[in-house]
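Here's the structure we're looking at; comments come further down.
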Ligand SMILES: C[S@@+](CC[C@H](N)C(=O)[O-])C[C@H]1O[C@@H](n2cnc3c(N)ncnc32)[C@H](O)[C@@H]1O
């Protein structure tokens with residue numbers, strides 16, 4: 001037996017005439033944006049699909065890790081077949097990350113916000129930072145739920161590091177996240193790492209605005225570490241071929257030029273040597289910077305003055 | 001162990017080793033750190049190759065350390081074996097008789113140890129990523145369930161008060177009624193509405209109104225726990241009393257709710273006083289549907305409201321039936337008008353001097369398709385309440401004029417037709433035009449039309465109706481005060497009004513049994529006063545010849561009642577006018 005809605009509506013019609021029914025503003029954001037109250041809200045999570053390759057686990061494979069599944073390896077191998085240097089590129093990027101964190105730790109930075117942190121494999125930010133300065137605090141952020149779950153396991157028992165599942169494209173959510181807030185004091189300098197992630201953010205998702213939002217939350221003396229895939233200085237033919245390859249992967253890459261990457265540092269002062277191929281960024285020895293442009297990744301570190 | 005004699009050559013070897021390893025996999029250390037590590041392992045290997053007996057465990061240890069330092073790939077093993085094989089003996093000057101043999105055994109131990117460590121590491125990593133995937137999936141499912149629960153909560157609760165909303169209430173009520181089907185179980189509803197809540201919104205603003213609402217909601221739901229309290233919208237709430245044992249249970253719930261509201265709510269420094277009204281229904285669940293229960297509770301709430309609010313009312317089936325019937329009847333008036341279900345009868349007003357027919361009063365009847373012919377007292381009151389009296393009265397007026405014209409043509413002394421006008425009709429602007437147009441259209445002489453109004457119509461003090469009546473009187477239309485004597489009966493004000501006749505209520509006539517009864521004296525003075533004011537007097541409700549005699553003796557001008565003729569159709573009046581059939 002069901003009550004007809006009409007009957008109930010009729011009963012409440014007196015009330016409807018009153019004012020206290022205009023309550024749209026109390027609905028959660030998702031439902032409000034949907035317009036109708038009973039639409040599926042956007043905070044409903046997606047399910048985990050390990051049948052699809054994940055860039056986080058492919059990256060782990062390039063670095064020599066075994067935190068990956070057959071689908072990831074198959075995708076990575078396809079990539080390697082097209083771009084044989086892919087693993088070296090990943091390793092060079094990871095080494096850049098290590099040197100950059102080391103540099104920042106030496107510069108006195110004790111707070112790190114690592115966005116697009118990936119699967120914690122080897123040489124993680126908190127290991128580098130806390131080895132040098134045990135009071136360093138690190139928050140990892142990734143959209144990949146498996147990467148996040150794995151990070152959480154690795155970080156269990158480490159009071160100075162945590163992980164949150166958020167999307168770089170929603171920086172205001174990252175900044176407002178309670179776990180981020182409780183680990184990081186934004187009145188003090190923070191190093192924000194956006195390393196090998198920005199090429200997953202389409203121009204339509206306005207990466208410059210994302211970075212501006214992050215910058216606005218930072219105290220003077222903070223840093224931004226950026227790296228991303230670039231087609232800078234390549235011929236038309238090469239560029240076309242590279243794009244061809246990227247298009248075929250699940251996560252199309254948004255390759256960008258050195259000028260574009262430099263523009264992302266808007267508001268920051270670039271630390272020497274500026275935006276360069278990642279092996280050229282403060283190399284440990286001259287020979288390790290050889291063949292640098294084959295690295296594909298451009299990177300740099302900027303400091304927020306003031 | 002002190003500084004080894006081959007420090008320089010060991011360093012060169014370690015550098016070569018490091019170079020060979022570069023790029024095999026990601027090595028999370030600086031070049032210097034890598035070289036330092038390899039240098040240490042080089043020394044270990046050199047010492048072992050020199051020592052007697054050959055300690056193969058060192059081979060395992062070197063391999064394990066490499067893998068632990070993340071130098072962990074097939075390529076790294078291959079390059080390691082290669083560089084050791086090619087350079088270690090030469091660089092560190094390890095030549096000895098059995099060196100090839102010792103080297104082979106040590107390398108075998110390194111390879112074995114490395115493969116073992118690498119396999120363990122691979123398995124560990126596979127296990128950990130699989131566990132992470134499982135955790136992530138479990139987490140996603142938990143979050144999905146939580147979001148579904150949240151979604152469901154949101155769909156079934158009112159966002160302002162967080163009380164169950166109409167949807168959830170409907171579900172619970174339907175379930176309660178369903179569950180009770182076939183059993184003798186009873187259910188109750190309290191339909192609660194805050195009295196004049198709009199005023200709180202208006203005087204304090206919506207924000208405070210909302211907070212007062214939240215406070216009221218919280219109090220009520222706490223006071224009636226564990227019964228379900230839902231907000232239907234606005235300031236309307238409903239309480240579901242499942243498994244009631246009788247009316248008393250539900251009345252107690254209603255009283256608790258009203259008591260909870262009685263204390264003023266302090267919102268933002270304002271003492272906001274809220275009262276509520278409750279409509280209570282309580283019955284065997286099997287005897288009713290949820291819709292019925294809700295409707296009954298709603299009507300009952302209206303009773304509590306019309307009784308002044310701040311109280312509960314208990315459902316009364318008879319009263320509800322009556323009201324419903326009335327409502328149905330009033331709703332049928334417009335269609336009845338459209339379909340021509342109304343018609344007029346006319347009752348004679350006879351001269352008390354010579355018995356001649358002075359006029360007739362038009363009386364409306366309704367030939368209702370289901371209920372048969374209805375007298376005006378069953379529906380005029382309803383029509384007055386709902387405003388339908390305006391179209392209905394307009395129709396009566398027009399119809400009476402139309403039929404009266406027939407009598408005018410039939411005789412030189414035609415009776416006037418007297419039509420009742422309701423307050424709303426008189427107050428309505430445009431009455432004068434309406435009457436004028438009617439007279440023009442039908443050709444009825446104005447003095448053959450009499451409009452009957454009640455005393456109260458004139459007593460409102462409003463200027464406009466008096467002016468309208470004066471205009472009509474100036475046209476020649478007769479104006480009568482109906483039911484005189486039952487209301488305020490102020491003769492003084494009649495002096496200033498355009499009235500031609502007083503109709504004295506039947507109550508006085510009924511009192512005329514004994515001569516010199518008080519009613520007769522009242523009536524006598526009334527008649528003489530009326531005459532002094534130049535008004536004629538018609539007595540209503542004259543049923544007997546005796547009454548007619550007394551009225552005549554008093555000096556009353558005319559009479560109306562069964563004694564002079566019952567209400568009859570227009571044709572009968574026409575016949576009587578023509579003198580053929582005295583009624
Ligand atoms: C190539 S890995 C980089 C890992 C680490 N930053 C490094 O450079 O060694 C890229 C990571 O970014 C994550 N990612 C991709 N798009 C993202 C987004 N919109 N928000 C947050 N993380 C994202 C992927 O899940 C993956 O773990």
Check your understanding: Of all the helices (runs of 4 or more DSSP H) wholly in region B:498-583, which have at least 1 residues that are in contact with a strand residue (DSSP E or B) (Cβ under 9 Å, 6 or more places away or on another chain) and under 24 Å from residue B:411 (Cβ atoms)?
Key -> B:545-554, B:570-577
Check your understanding: Does region B:210-229 contain any residue that is within 25 Å of residue B:316 (Cβ to Cβ), part of a helix (DSSP H, G or I) and in the same structural domain as residue B:194 (by TED's automatic domain parsing)?
Key -> yes
Review point. Of the residues that make up region B:350-366, is at least one farther than 22 Å from residue B:405 by Cα and in a strand (DSSP E or B)?
Key: yes
Study note, to complete from the structure: Among residues of region A:122-136 being in a helix (DSSP H, G or I) and touching a helix residue (DSSP H, G or I) at 6+ places or on another chain (Cβ under 7 Å), the residue nearest to the ligand (Cβ to nearest atom) is A:125
Exercise for review: Scan region B:133-177 for residues that are touching a residue at least 40 places away in the same chain (Cβ under 8 Å), part of a helix (DSSP H, G or I) and facing chain A (nearest Cβ under 8 Å) and report the count.
Suggested key: 6
Exercise for review: Evaluate the following for residue A:144: is it under 19 Å from residue A:66 (Cα atoms), in contact with a helix residue (DSSP H, G or I) (Cβ under 8 Å, 6 or more places away or on another chain) and within 9 Å of the ligand (Cβ to nearest atom)?
Suggested key: yes
Review point. Among (1) modelled with pLDDT under 95; (2) assigned to a loop (DSSP other than H, G, I, E, B), which single condition is residue A:109 missing?
Key: (1)
Exercise for review: Exactly one condition in (1) within 11 Å of another protein chain (Cβ to nearest Cβ); (2) more than 19 Å from the chain's Cα centre (by Cα); (3) over 29 Å from residue A:145 (Cβ atoms) is not met by residue B:116; state its number.
Suggested key: (1)
**Study point:** Residue tally, condition within 23 Å of residue A:272 (Cα to Cα) and touching a strand residue (DSSP E or B) at 6+ places or on another chain (Cβ under 7 Å), over region A:116-148
**Key:** 2
Check your understanding: Out of curiosity, is residue A:101 within 15 Å of the ligand (Cβ to nearest atom), crowded, with 17+ Cβ neighbours inside 10 Å and at pLDDT below 95?
Key -> no
Practice item. Could you please let me know if residue A:114 is at pLDDT below 95 and near the ligand (Cβ under 9 Å from one of its atoms)? Key: no
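Conditions tested, residue by residue: (1) modelled with pLDDT under 95; (2) part of a strand (DSSP E or B); (3) within 16 Å of the ligand (Cβ to nearest atom); (4) within 14 Å of chain B (Cβ to nearest Cβ).
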position	(1), (2), (3), (4)
A:138	no, yes, yes, no
A:154	yes, no, yes, yes
A:164	no, yes, yes, yes
A:168	no, no, yes, no
A:175	no, no, yes, no
A:181	no, no, no, no
A:186	no, no, no, no
A:194	no, yes, yes, no
A:204	yes, no, yes, no
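The values are calculated or read from the model by the stated rules, or taken from the named source; none is laboratory data. All figures in this text were calculated on a predicted structure; none of them were measured in a lab. Positions of Cβ are backbone-derived with ideal geometry, glycine not excepted, and every protein chain shown enters the neighbour counts.
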